[in-house]
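For reference, the structure discussed in these notes is given below.
The values are calculated or read from the model by the stated rules, or taken from the named source; none is laboratory data. Only a predicted model underlies this, so the values are computations on that prediction, with no experimental measurement involved. Neighbour counts are summed over all protein chains in view; Cβ atoms, including those assigned to glycine, are modelled from backbone coordinates with ideal geometry. Each accessible area value is taken on the protein alone, full model and side chains, heavy atoms only, with ligands, DNA and RNA left out. Shrake-Rupley method; radii C 1.70, N 1.55, O 1.52, S 1.80 Å.
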Amino acid sequence: MGTLPAMPTQVWQRPFGAVPLPEGGVQFRVWAPSASGVAVRVRGNDHELDPLGDGVHAGIVAAEPGDDYVLVLDGERALPDPCSRHQPEGIRGTSRVVDTSRFDIAAGPGLKLDELVLYELHIGTFTRQGTFDAAIPQLPRLRELGVTAIELMPVATFPGDRGWGYDGVYIYAPHPAYGGPEGLARLVDAAHREGLGVLLDVVYNHIGPGGDAIGAFGPYFTDAHETFWGDAIDYGRGPVREWAIGNAELWTRDYRIDGLRLDAVHAIYDDSPVHVLRELRERVEGLATSEMGPDDFRPLEEWGHDAMWLDNLHHELHVLLTGEREGYYGAYGTMDGLVRELTRPEPQRLIVAAQNHDQVGNRAVGDRLPPDAHRVALAVVLLSLGTPLLFMGEEHDEPAPFQFFTDHIDPFIADATREGRKREFAAFTSFSGEEVPDPQALETFERSRVSHPHPNPFFAELIRLRRELPRELDVSTDGRRLTMRRGHATLVADFDSNTVELAT
């Protein structure tokens, strides 16, 4: 992969936000071309920032870590910092100065794609407490299972306390309900000391409800494109690119996170000569993985990313095991399609799963696969040559659903979310008669918490086998029976009886 040519440094190509200085004081930098003047209000006093050109305002203020502040536009509107490192009172509260460079985090274990076993988890429902710190005692059992890296669903500060995280507003600020910046740093440190890597899901395709507070600073959005979730972000503007790439650098540099999972990159639009996701790959350390639409391999072929989520194997397995064919499932469910997915070139660059947050949580009631179907699906995934991802609880056939839950603080958005979920599933016969859970209800969130019993020995054995089997796979079919052979291991999956047998 080539390196981008050197470009002249622009005034906006330095870290935005509040950055404590070694000699004392805090450097504040913000892109605010929509304002003629910007001040920092800290300790009850306003300090005017200097305009540096290109819409950037900056200055050094006598402040220190732990101080709360807001940015005041044109002497009138006081708002959180678009690149705030901490929002202790949520998206409508003040920002707080954090010295992320002082975190003491152990080095990561080093991740190799052909050895990677990912474990996707949602901090809020992974434990009863729903915090970064509460997840730490669970790390040894994941390492013993054979997991090599945990993948955190997004942790950027979003509206309210409960949510999947994909509606983040302050993307530099770990969610306060989870434990904020210090909690995330402790989790990454503990994972590294346990020999586990940490990947973080990040969202650069839209900003969640409340993003108008960020748009007040400048034209972050464009009407040239649309996304399903909100206004498209204008990556044709250098400072907006820096907002996203600087965020990715923060996670991998200061929090020592080992890689990023870039959400729904098909909705990141950029007509620049160098796509923003290619520039991100060039500048950011660690693994870069992407979620992309089916059979769109731009992340691997054009942007230099290491791997990408590909749901095709999931879809083939799901239809073969359940018979569901509504919606996007209509194009899947054949043995030929299953063989195609198991024999793709460079399989280690494809992240595959029997279940993930989308494929469970985006169902009307968030139901998981029945145990017999799940046993078959996960066995095929684990013996494949793809990079496997387990969704939290899969290792023990978790019975709890993972439902769609939110805690929107804007009543209009809350009502729209409720009605949108009802409309989404009204035409699906497979869900007819099912009451779609209220996403705003606390009970919907509580039902989604997972338990932590011992893992299923069958899955543990398959994960163990991955470490010793050759990276060669022979696949054959006989009717609706699939046979997979890797070295001394043979797996036979029967899609008529939904059974699977392993011989070693």
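Let me confirm something: among R418, R464, which residue is closer than 30 Å to G90 by Cβ, part of a helix (DSSP H, G or I) and basic (K, R)? First the steps, then the outcome.
Working: R464 fails: closer than 30 Å to G90 by Cβ.
Checking each option against the conditions leaves just R418.
Restricting attention to segment 95-118, does a residue exist that is open to solvent by 40 Å² or more (accessible area, probe 1.4 Å), part of a helix (DSSP H, G or I) and touching a Leu at 6+ places or on another chain (Cβ under 8 Å)?
no
Test Y172 against the criterion of being at pLDDT 95 or above, under 18 Å from the mean Cα position of the chain (by Cα), buried (at least 21 other Cβ atoms within 10 Å of the Cβ) and among the hydroxyl-bearing types (S, T, Y), and give yes or no.
Numbers: at pLDDT 95 or above: yes; under 18 Å from the mean Cα position of the chain (by Cα): yes; buried (at least 21 other Cβ atoms within 10 Å of the Cβ): yes; among the hydroxyl-bearing types (S, T, Y): yes.
For Y172, the condition - at pLDDT 95 or above, under 18 Å from the mean Cα position of the chain (by Cα), buried (at least 21 other Cβ atoms within 10 Å of the Cβ) and among the hydroxyl-bearing types (S, T, Y) - is met.
Considering each of D270, D295 in turn, give the residue that is over 17 Å from the mean Cα position of the chain (by Cα) and either open to solvent by less than 30 Å² (accessible area, probe 1.4 Å) or on the phi < 0 side of the Ramachandran plot (or both).
D270
Any idea which of (1) open to solvent by 10 Å² or more (accessible area, probe 1.4 Å); (2) touching a residue at least 60 places away in the same chain (Cβ under 8 Å); (3) part of a helix (DSSP H, G or I) is the one P181 doesn't satisfy?
Only one criterion is unmet by P181, namely (1).
State all residues of segment 477-493 that are closer than 20 Å to R340 by Cβ and either free of Cβ contacts under 8 Å to residues at least 60 places away in the same chain or not in a strand (DSSP E or B) (or both); if no residue qualifies, say none. Reasoning before the result, please.
The initial filter retains those residues of segment 477-493 that are closer than 20 Å to R340 by Cβ, namely 477-486, 491-493.
If the condition is that a residue be closer than 20 Å to R340 by Cβ and either free of Cβ contacts under 8 Å to residues at least 60 places away in the same chain or not in a strand (DSSP E or B) (or both), then D478, G479, R480, R481, T483, R485, V492 are the ones that fit.
Residues that are in contact (Cβ under 8 Å) with a residue 60 or more places away in the chain and among the acidic types (D, E): does segment 345-365 have at least one?
Scanning segment 345-365 turns up no residue that is in contact (Cβ under 8 Å) with a residue 60 or more places away in the chain and among the acidic types (D, E).
Only one of these conditions is not met by R261: (1) touching a Phe, Trp or Tyr at 6+ places or on another chain (Cβ under 9 Å); (2) charged (D, E, K, R); (3) open to solvent by 20 Å² or more (accessible area, probe 1.4 Å). Which number is it?
(3)
Can you confirm whether segment 290-299 contains a residue that is under 28 Å from A354 (Cβ atoms) and aromatic (F, W, Y)?
Yes, that holds for at least one residue.
Is it the case that segment 45-58 has a residue that's closer than 30 Å to S384 by Cα and among the β-branched types (V, I, T)?
no
Name the pairs whose Cβ atoms lie under 9 Å apart, with the first residue in segment 311-337 and free of Cβ contacts under 8 Å to residues at least 40 places away in the same chain, the second of a type in the set (S, T, Y) and surrounded by 21 or more Cβ atoms within 10 Å (Cβ to Cβ), and 6 or more positions between them or separate chains?
Final answer for the pair search is N312/Y332; H315/Y332; E316/Y332; V319/Y332; R325/Y332.
Among residues belonging to segment 10-52 that are among the aliphatic types (A, V, I, L, M) and open to solvent by 20 Å² or more (accessible area, probe 1.4 Å), point out the one that is farthest from A62 (Cα to Cα). Walk me through how you get there before you give the answer.
Restricting attention to segment 10-52, the residues satisfying the condition of being among the aliphatic types (A, V, I, L, M) are 11, 18-19, 21, 26, 30, 32, 35, 38-40, 42, 49, 52.
Adding the requirement that they be open to solvent by 20 Å² or more (accessible area, probe 1.4 Å) leaves 11, 19, 21, 52.
Working: V11: 23, V19: 12, L21: 10, L52: 20 Å.
The residue in question is V11.
If you go through segment 198-219, how many residues are more than 30 Å from I150 (Cα to Cα) and either free of Cβ contacts under 8 Å to residues at least 60 places away in the same chain or not aromatic (F, W, Y) (or both)?
7
Applying the selection to segment 442-451, what residues are in contact with a helix residue (DSSP H, G or I) (Cβ under 9 Å, 6 or more places away or on another chain) and either aliphatic (A, V, I, L, M) or open to solvent by less than 60 Å² (accessible area, probe 1.4 Å) (or both)?
The answer is F445, S448, R449, V450, S451.
Does segment 1-31 hold any residues that are at pLDDT below 95, among the small types (G, A, S) and closer than 17 Å to E242 by Cα, and which are they?
Within segment 1-31, A6 is the sole residue that qualifies.
Return the residues of segment 195-237 that are surrounded by 16 or more Cβ atoms within 10 Å (Cβ to Cβ) and over 22 Å from the mean Cα position of the chain (by Cα); say none if nothing qualifies.
Across segment 195-237, the qualifying residues are A213, A216, F217, G218, T222, H225, R237.
Please specify each residue of segment 298-317 satisfying the condition of being of a type in the set (A, V, I, L, M, F, W, C) and over 16 Å from the mean Cα position of the chain (by Cα).
Filtering segment 298-317 for residues of a type in the set (A, V, I, L, M, F, W, C) gives 300, 303, 307-310, 313, 317.
Across segment 298-317, the qualifying residues are L300, W303, L313, L317.
Select, from E144, E151, the only residue that is without any contact (Cβ under 8 Å) to a residue 40 or more places away in the chain and either assigned to a helix (DSSP H, G or I) or under 22 Å from I245 (Cβ atoms) (or both).
Being without any contact (Cβ under 8 Å) to a residue 40 or more places away in the chain and either assigned to a helix (DSSP H, G or I) or under 22 Å from I245 (Cβ atoms) (or both) holds for just one of E144, E151, which is E144.
Is it true that some residue in segment 58-79 is at pLDDT 95 or above, of a type in the set (D, E) and open to solvent by less than 10 Å² (accessible area, probe 1.4 Å)?
No, segment 58-79 contains no residue that is at pLDDT 95 or above, of a type in the set (D, E) and open to solvent by less than 10 Å² (accessible area, probe 1.4 Å).
Scan (1) under 21 Å from D234 (Cβ atoms); (2) modelled with pLDDT of 95 or more; (3) among the small types (G, A, S) for the single condition S34 breaks and write down its number.
(2)
Just one of the numbered conditions (1) among the small types (G, A, S); (2) in contact (Cβ under 8 Å) with a residue 40 or more places away in the chain; (3) touching a Ser or Thr at 6+ places or on another chain (Cβ under 9 Å) is not true of A503; which one?
Just one mismatch for A503, condition (2).
Conditions (1) farther than 20 Å from E151 by Cβ; (2) small (G, A, S); (3) at pLDDT 95 or above, marked per residue:
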site	(1), (2), (3)
P299	no, no, yes
W309	no, no, yes
H318	yes, no, yes
E326	yes, no, no
A331	yes, yes, no
N362	no, no, no
L383	yes, no, yes
